[in-house]
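The values are calculated or read from the model by the stated rules, or taken from the named source; none is laboratory data. Bear in mind that the values here come from a model prediction, so they are computed numbers and not experimental data. For neighbour counting, all protein chains shown are included, and Cβ atoms are generated from backbone atoms with ideal geometry for every residue, glycine included. For accessibility, only protein heavy atoms count, side chains too; no ligands or nucleic acids. Shrake-Rupley method; radii C 1.70, N 1.55, O 1.52, S 1.80 Å.
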Amino acid sequence: MALRSRTTDTAPRRRRHLGSSHYLYIAVIVAVLAGAIVGLAAPQFAVQLKPVGDAFVALIKMMIAPIIFCTIVLGVGSIAKAATVGKVGGLALGYFIVMSTFALGIGLVVGNIIHPGAGLDIANASYDASGTKEAATTTKFLLGIIPTSLLSSLTAGNILQVLFVALLVGFALQKMGTKGTPILGAIRQIQALVFRILAMIMWVAPLGAFGAIAAVVGNTGFGAIVALGTLMIAFYITCALFIVVVLGSLLWLVGRVNIFRMMKYLGREYLLIVSTSSSEVVLPRLIAKMEHAGVSKPVAGITIPTGYSFNLDGTAIYLTMASLFIASAMGTPLSIGEQVSLLLFMMIASKGAAGVTGAGLATLAGGLQAHRPDLVDGVGVIVGIDRFMSEARALTNFTGNAVATLLVGTWTKELDREQLTAVLAGERPFDESTMSVDDHLGADEAAEVQREQHPVPAAAAASGSTTENPVTTAPAAQEPELVGSNAGGTRLG
């Protein structure tokens, strides 16, 4: 009776929340269209709106480090065995390396088939590569993971440093046992606060989308799109085929999940990526949505942030196709040996460059500066359409990480199949008002939340479950059941 009444009371509130989120969704679409119109009608005015889009992206990036830190610490610190983290991380990294290499290879194949730069003469082009000469060598890349101090990782804006520190803190809390429970509880509350702030920030998304789209259309116009249409269209088609054929087939064969249903579930995230051309903007939402879809906290908390640095399928395709385009357009085509060598170099140069708008362009310039300095000047030619290609890169990177999370969850048996089916069918919609990551808790997580909210006194813990203190033990036996029932399912594995 209590559960039935609770479900009945909750349903109307959920519908109202979804209604308000739909208004936001429509507002973003209208803002994107309005921005494009303003960019074409008044380009000089539209370019001045760029700070509006930059401000929105800056607000989102402000939240990245604390969200990743809290998510990973809770995911690692909450599990009983460190071997689980190693298993998840090992599977994820192995998958990322294979798929990134495969994506680089696809870019080379398509580039050699269509020869996008043939017939152009850009030998006199120039591009300022200052600031990109520090292309990531293996040594600098590895040393760059270690922050200056424990707290500086949260302010430096380096995702890999946040990952490193969060893993250390998570394992340390894991070793502390019950003494670390209050700290985990505090971090859980901080995470809820951060997600609530993020939900508030999302209401200015229409303004950010309007400013970003208006500025890029006003600044670029149609000239660069027409001149370099072949490269851009080929890149979009390649990314679309990679998502539907490669990722879609893999997701269906391993997890029996239709990729189009997953993409529909992540529709709002795709719209935000299109308007900002940055997949980093939706990183916190992807973590929350994957956990709501039934992926366990350790898998979502480790796979997604790690994938944003190592699983760059769209960036990999872009780097190889753009390199071939520049080499061909400048009259110095790359030989097969040079292409393979460049592929290996780009595997290192692309790591850690995900999410941020323009990171692909900077990575391309840095990679060419270190590998083929004579080709760097050609980068300036594709700057005009890099913003449009950045959208395809970000969409492909985002989809690749969403698929990877479901695959790793399936392989490690950390995926609630019943919850995933219900979510993708639209039966259990995501709560946009709170973006809560605790609306789908497994039995172990529910019990942990209960311990954090109602800590057992030391004397009672020492005496164990006895009949001398029934008042203390009764709630502890019942409350996790109520929390679990609110989740809507039991986590597997």
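Structure notes:
- The length gained on full extension between Asn258 and Phe102, counted as 0.36 nm times the residue separation minus their Cα-Cα distance, comes to 54.0 nm.
- Calculated FRET efficiency, Ala240 to Val204, Cβ-Cβ distance, R0 = 25 Å: about 0.25 to the nearest 0.05.
- Alpha-carbon centroids, segment 39-75 and segment 145-209: separation in whole Å: 19
- The length gained by stretching the chain between Lys140 and Thr155 to full extension, at 0.36 nm per residue less their Cα-Cα distance, is 3.4 nm.
- Val295 long-range amide H proximity, modeled H, under 5 Å: Asp416
- When Met262, Met330 are compared by accessible area of protein heavy atoms, the largest-first order is Met330, Met262, using a 1.4 Å probe.
- Legend: distances between Cα atoms for Lys61/Lys264; Lys175/Lys297; Lys140/Lys413; Lys50/Lys297; Lys61/Lys289; Lys140/Lys264; pairs beyond 29 Å are Lys140/Lys413; Lys50/Lys297; Lys140/Lys264.
- Label-to-label distance, nm, for residues given as Ala42 and Leu168 (7 Å Cα→Cβ offset): 5.2
- Accessible area per residue (1.4 Å probe, heavy atoms of protein chains only) ranks Trp203, Trp411 as Trp203, Trp411, with the largest value leading.
- Available extension along the chain between Leu33 and Gln189 is 52.3 nm, counting 0.36 nm per residue and deducting the alpha carbon span.
- Taking all protein chains together, Tyr265, Tyr236 sort by accessible area into Tyr236, Tyr265, largest first [probe 1.4 Å].
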